[in-house]
1. So which residues in region D:34-47 are open to solvent by 50 Å² or more (accessible area, probe 1.4 Å) and of a type in the set (A, V, I, L, M, F, W, C), if there are any at all?
2. What is the one condition in (1) within 26 Å of B:ILE150 (Cα to Cα); (2) touching a helix residue (DSSP H, G or I) at 6+ places or on another chain (Cβ under 9 Å); (3) buried (at least 23 other Cβ atoms within 10 Å of the Cβ); (4) of a type in the set (S, T, N, Q) that B:SER200 does not satisfy?
3. For region C:239-261, indicate whether the set of residues that are over 16 Å from C:LEU210 (Cα atoms), open to solvent by 10 Å² or more (accessible area, probe 1.4 Å), more than 14 Å from chain D (Cβ to nearest Cβ) and over 14 Å from the mean Cα position of the chain (by Cα) is non-empty.
4. Against the definition (of a type in the set (S, T, N, Q), away from chain C (no Cβ under 14 Å) and surrounded by 17 or more Cβ atoms within 10 Å (Cβ to Cβ)), how does B:THR127 come out, yes or no?
5. Consider C:THR29 against the criteria (1) touching a residue at least 60 places away in the same chain (Cβ under 8 Å); (2) open to solvent by 60 Å² or more (accessible area, probe 1.4 Å); (3) touching a Leu at 6+ places or on another chain (Cβ under 7 Å): it satisfies all of them except one. Which criterion is unmet?
6. Evaluate the following for D:ILE77: is it surrounded by fewer than 19 Cβ atoms within 10 Å (Cβ to Cβ), under 25 Å from D:PRO225 (Cα atoms), modelled with pLDDT of 95 or more and out of contact with any strand residue (DSSP E or B) (no Cβ under 8 Å at 6 or more places or on another chain)?
7. Quick one: C:ARG192 ticks every box in (1) buried (at least 20 other Cβ atoms within 10 Å of the Cβ); (2) within 14 Å of chain D (Cβ to nearest Cβ); (3) closer than 28 Å to C:GLY125 by Cα; (4) charged (D, E, K, R) bar one, so which box is it?
Protein chains: 4
Amino acid sequence: MEELLEELLEECRPYTKEGKLADYIPELTKGNLDDLGIYVMRSDGKHYQAGDYKKQFTIQSIIKPILLLQALIDNGIDYVRAHVGVEATGKPFDAINMTDQTLLSENINPMVNMGAIAMCSLIKGDTYEERIQRVLELTRKLAGNEDIQINQAVYLSEKRTGNKNRALGYLLKSYGMIQDDDVEGLVDCYFRACSIQVTSKDLAHIGYVLASRGKLPQTEERVFPSKYATYVNAILMTCGMYDGSGEFAVKVGLPAKSGVGGGIMAVAPTRMGIGIFSPGLDEKGNSVAGIKVLEKLSKRMYLSIF
Amino acid sequence: MEELLEELLEECRPYTKEGKLADYIPELTKGNLDDLGIYVMRSDGKHYQAGDYKKQFTIQSIIKPILLLQALIDNGIDYVRAHVGVEATGKPFDAINMTDQTLLSENINPMVNMGAIAMCSLIKGDTYEERIQRVLELTRKLAGNEDIQINQAVYLSEKRTGNKNRALGYLLKSYGMIQDDDVEGLVDCYFRACSIQVTSKDLAHIGYVLASRGKLPQTEERVFPSKYATYVNAILMTCGMYDGSGEFAVKVGLPAKSGVGGGIMAVAPTRMGIGIFSPGLDEKGNSVAGIKVLEKLSKRMYLSIF
Amino acid sequence: MEELLEELLEECRPYTKEGKLADYIPELTKGNLDDLGIYVMRSDGKHYQAGDYKKQFTIQSIIKPILLLQALIDNGIDYVRAHVGVEATGKPFDAINMTDQTLLSENINPMVNMGAIAMCSLIKGDTYEERIQRVLELTRKLAGNEDIQINQAVYLSEKRTGNKNRALGYLLKSYGMIQDDDVEGLVDCYFRACSIQVTSKDLAHIGYVLASRGKLPQTEERVFPSKYATYVNAILMTCGMYDGSGEFAVKVGLPAKSGVGGGIMAVAPTRMGIGIFSPGLDEKGNSVAGIKVLEKLSKRMYLSIF
Amino acid sequence: MEELLEELLEECRPYTKEGKLADYIPELTKGNLDDLGIYVMRSDGKHYQAGDYKKQFTIQSIIKPILLLQALIDNGIDYVRAHVGVEATGKPFDAINMTDQTLLSENINPMVNMGAIAMCSLIKGDTYEERIQRVLELTRKLAGNEDIQINQAVYLSEKRTGNKNRALGYLLKSYGMIQDDDVEGLVDCYFRACSIQVTSKDLAHIGYVLASRGKLPQTEERVFPSKYATYVNAILMTCGMYDGSGEFAVKVGLPAKSGVGGGIMAVAPTRMGIGIFSPGLDEKGNSVAGIKVLEKLSKRMYLSIF
């Protein structure tokens, strides 16, 4: 298996050059296009890795399923579902999905920016500081890594330039879809969550917990009910790879979430969690080489759930 | 198992009254809201059924995966993919998904009307008569039922009132997305395909072949390559239940396709094919009681692939 | 005055090369980019002309105000207004202006293709042949030119390639916005109306009648009530130059209508009618040099109504 | 003439009940639906008035042409035109007019909220305090009324609830369409400008200056070049009455601007300025009775410029 991973990275290395570093957050342009790493954590307890699997990068949109999980843990499915939809929008992740003058909660979902900001608003905590701490702790628990931190430089970079997200926050407020009065505080909470720093290994761990439907490896401790995993995995399948989710379903056939930091977390239900890192992105914001690796891995190991 | 099915129908019967008969095709308003039937065909060769599983209804949009299969059989994945996208549109099935003035093949998919009409255009045959015969024969083969016919009354009703579909056909032509010069003939072919008459049992058979990735039951004859099944099943997951696909993924977790005739065909990969009939539709065009039955069946038998 | 016109043509001649011939109707690509002509007809009975004012070209969208006039003459303002709106759409002339799934008559207007096709449907006549004859006769009367004919080659070219307009026709039918059962016949009527052949002089005559609010020159015969002229002129101001109407209002300040044949008809209320021809179009479909000539003429003669 | 105005108010009084007070700014709900006033200022120096012409109300969107004038005075037409378009959007005043992911300056205009906020950004001043003072002074000068002030209660109400406008401001910033770093300060400037308190008489004065193309009454002092008046009047014609501009052009035929405070300012070029107040609004945000009065006035005095 280790050999297979090495082989796949070799085959896919040429694709690392086809992508571009995310440039809408200045700090992200400092990444290295050559990086390529993978980590696989199987339900039989075995771990496999290859390439730059120890390299750190910011989690970015891969925090979205974690924000959704925290919101579910804090409020239950019905409450969360009442505040945000589950349909693919057919549009990019930061789109303003308004049917003319009306913004409907049904038209956003937790995997697009507006929905993710709405999730931040549902997470419990007396202060935004407390909320972000709870998100950070859940991330650490799912990743089995107490050392996970927020990357301050990326956070400050996002805070400085994230006016589109601010606009989305004020739109949510203007349509009564969030209760927070401090929109800037809420959006700041989202910026910090996106700036959490992880490795491919961390993502594989998180994916493993979703694959095992809520149980941590080894201890088998249950972090959340099985039905939350099913809920999150289903949304990842239909909306996890931005407006490339349909293509990914066809080619890879696994629930997954990508981030503009270059990470992809994939879930093979009951079988494994997979973490990949390669910062060159296609125009939809997905890691080019990362998707290629997953495509080949899925084919060779018959991972597609279809 | 038979008992379970009887029980589920009993529990879901009240929902039959919550839906409405499709009214945009005059002939469909003649249906009976009380009808409710289910047929399950397992990979161990066992069949189970309950309720009105013998009742006939028109296949309507459930023909879409079959049109896609025929187009794949005739042209291969790459050619088909080049003519039509795979992303969820975030819009109703008969939407005109134009980004301003440009109609992009990427923005339609084989599960929305425009994409399905484009599929008709890719199916081989010297005449439209020949094309529709080939579709009818593939349907019979997948359903294991040589008696399947086109319902002439429904076909003529659709032909008379289907101006939205005509408009979609002329738009496809106007943007060079179909080669046919006879748009009326092409759309007529689509009307006839939608008017094929089936039962829940037929749908379960068709779903079974997709679940077994291309093999017919009993003989194990391969009708199409495994990769076509994966392709179709993945698209069914993201776009099969109109703009209710995300909700269905969360609640049921199976690739499926619904039609405004009241049918639903569901695929539990490697495990079973399911056919359901109940003509009361929700506002998205999906059978209300049908979805309820599938939701409960999925929960009790742990069918969700997530 | 004659001198002024000669001077303006000279100054604007370089702009003739900046535009492109319309290419969506094959026959129109045969035009000559060098052509540039102007004809002015003043309310004091004087006529002035310069350049290629005798050159013939097809009227194209400039038939739209005439179709509207005929519909008004046949049905009155209230009836027409009930079938089609008066707001600028903010979109190109052949746009599909649907708010999601609903096509509202309020969202189309007689200066965009959909609205113009709807006008054809309101014009009286037992057959489409009769309707188009009435439109042709009204055009001749307004232009004071009995020799005006339909250009058969352009008509057949439009008929062969006009699938977008066919789609618009079927959409109108599908949303119950036209009564005609023979959509092909209706659209054919529109194709023929667009193919009427005129000169700059004809357009100046037509503009004169609108400027004089319904009266023919010399005889002072009233062709239609004054209020129809006000109605048409107001719509020309807000929607006459496609999605360049706002720019035209600012730069020229006159009600006007352009066609992809290269013509522009402008109306200086109570003062004059102007006809211009230069077939090089900008990307919105307006004659580049034609707009320049009007801009300069308006400045030098203080024609802006603002 | 005085008599005519009295008569018109009497005829239109019933329409005051058909409208609704603006409710999206809490403070505006305190208005009195019965109020109805008109003030006319003719180019021959005569003034006429009737009804509640002394009643004060907030200027709201009628500040937009003044913001545009100030931006023109500070930067000239070319610079302003490069930052904001002139086409009608076909959408409500606070719409987000994005073609998918791109916000183009061509797609906003100074009469919709986004464009007006962009105008605030072009007005010169070292601080926002200075900018708003300059706008206030220009308003006083145009209205010939040194006592004009900002209504603090309305301003604070708008500031508290104006999250849609904040979102529009951050979108402008995010697409590089404004230079200001302090978006909150910029939007605050807009809130204060909208809260300037005026009377029908003030609006008639302002309209008079636009009608006389830049000259104050009596002194004939020129406040701005003639071409700025033409520019503003043309935009008022195509976009001044929100998405009811086309209807207004047809029915009244004058450049005009309405505000949700209940005011309408109308311009009869070279002839008169008109101010109206009646706070009952239609669903587009225009004064119901106000439009009725203008319609009748235009018909009886042949004011339509078409």
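The values are calculated or read from the model by the stated rules, or taken from the named source; none is laboratory data. Keep in mind it's a predicted model, so treat the numbers as computed, not measured. Here the Cβ is made from the backbone with ideal geometry for all residues, glycine too, and neighbour counts use every protein chain on show. These accessible areas exclude ligands, DNA and RNA; they are computed on the full protein's heavy atoms, side chains included. Shrake-Rupley method; radii C 1.70, N 1.55, O 1.52, S 1.80 Å.
1. Looking only at region D:34-47, we keep the residues that are open to solvent by 50 Å² or more (accessible area, probe 1.4 Å), and these are D:34, D:42-47.
Those that are open to solvent by 50 Å² or more (accessible area, probe 1.4 Å) and of a type in the set (A, V, I, L, M, F, W, C): none in region D:34-47.
2. (2)
3. No.
4. Working: of a type in the set (S, T, N, Q): yes; away from chain C (no Cβ under 14 Å): yes; surrounded by 17 or more Cβ atoms within 10 Å (Cβ to Cβ): no.
No.
5. Here C:THR29 clears every test but (1).
6. Criteria met by D:ILE77.
7. Tallying (1) buried (at least 20 other Cβ atoms within 10 Å of the Cβ); (2) within 14 Å of chain D (Cβ to nearest Cβ); (3) closer than 28 Å to C:GLY125 by Cα; (4) charged (D, E, K, R), C:ARG192 fails exactly one: (2).
Condition check ((1) open to solvent by less than 30 Å² (accessible area, probe 1.4 Å); (2) away from chain A (no Cβ under 12 Å); (3) among the β-branched types (Val, Ile, Thr)) across all residues:
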residue: B:LEU67; (1), (2), (3): yes, yes, no
residue: B:THR89; (1), (2), (3): yes, no, yes
residue: B:PRO110; (1), (2), (3): yes, no, no
residue: B:ASN113; (1), (2), (3): yes, yes, no
residue: B:MET119; (1), (2), (3): yes, yes, no
